[in-house]
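Before any comments, here is the structure.
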Amino acid sequence: MVKAAPDKQSTLAEVIKRFAPKEGICETSIPSLFFIRHSSAYGPVHSVYKPSVCIIVQGEKELLLGQERLLYGPNHYLVASVDLPVSGQILEASDSAPYLAMKMEFTPAEILEVMEEGTLQFTTDEDPKRGMYVSEVEHPILDVAVRLTDLLASPEDIPVLAPLIKKEILYRVLQGKHGSALAQMAIQGSYAQRIRDVIHYIRREFNQSFRIEELADIAGMSVSTLHRHFREVTAMSPIQFQKQIRLQEARHLLLYEDADIMEAALHVGYESVSQFSREYARLFGLPPRRDINRLKEEWSGVTED
């Protein structure tokens, strides 16, 4: 195992400070690459993580996936291999040492392309693993991350070199201790890939009722096998997953589109406003109106990821 070099982390930190001068999440000129910066402890914030690799170079963060807590900092990277609803909070950040991170999103097709071009071997018959994990960051991954961010200083090179370097990062992640968890999501016919199809269906039809038998048919599994594998990937049941997606969407409508509580509840699929308010308060800690008022006063529109 080749440990991460502190000088590489320092280099990444300086690049992020330069290209993310403001608080929150910042798009870069490299497609699918984002920088995140915060100067104080922050959260918890609820969001849906897309498939991505996130490297923290300064500070510390905690994510809650279902009831599972993932803690990571400068010596680790986080991988989300499928869309997952999470709650995250930054635990360590200050004006003099802000939280700094880079996030690179990817698609299953990109993972499959790397696997087809390389010599890494994975099978389709493995049981699916958790769709989000933390791993120790090693020098090869950090070195490639530095080379990717270096392209921001030479934008004319980005169209040609960024896709190649991105593939190298994915290759290094696939080589890692938990690489098979990522690979299984991309392999057609694997248990994990079939659970991914169910996740995409729930995300697309989040405001519709469904029977668990429908999801089992989509996955080509028995109901009991679907339940087991879905929980292995997401740390929650299909109903719990749908509920988190619904409530996050409702919160977005209330906060950013000035929907009233009844409109938001009906839009995301609730028939009972009182049930919606109870479940909203259970997830976010306050009833809808009080929660939105608090966010408008305290959040000030800062985004976090």
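The values are calculated or read from the model by the stated rules, or taken from the named source; none is laboratory data. Computed from a predicted model, the values in this text were never measured in an experiment. So basically every Cβ, Gly included, is an ideal-geometry build from the backbone, and we count neighbours across all protein chains shown.
Listed values, structure above:
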read-out: Qualifying residue in the stretch 247-258 (condition: surrounded by fewer than 18 Cβ atoms within 10 Å (Cβ to Cβ) and over 28 Å from I292 (Cβ atoms)); value: no
read-out: Count of the stretch 229-279 residues which are within 20 Å of the chain's Cα centre (by Cα) and among the small types (G, A, S); value: 3
read-out: Out of D83, D127, sole residue that is over 13 Å from the mean Cα position of the chain (by Cα) and in contact (Cβ under 8 Å) with a residue 12 or more places away in the chain; value: D127
read-out: Residue list for the stretch 197-215, filter: without any contact (Cβ under 8 Å) to a residue 12 or more places away in the chain and part of a helix (DSSP H, G or I); value: R204, E213, E214
read-out: Residue match in the stretch 182-196 (condition: in a loop (DSSP other than H, G, I, E, B), in contact with a Ser or Thr (Cβ under 7 Å, 6 or more places away or on another chain), surrounded by fewer than 22 Cβ atoms within 10 Å (Cβ to Cβ) and hydroxyl-bearing (S, T, Y)); value: yes
read-out: The stretch 187-232, residues that are modelled with pLDDT of 95 or more and at positive phi; value: G220
read-out: Residue list for the stretch 198-225, filter: over 22 Å from the mean Cα position of the chain (by Cα) and either among the aliphatic types (A, V, I, L, M) or under 18 Å from P85 (Cβ atoms) (or both); value: Q208, F210, I212, L215, A216, I218, A219, M221, V223
read-out: Test result for A80, within 14 Å of Y99 (Cα to Cα) and assigned by TED's automatic domain parsing to the domain that holds K129; value: no
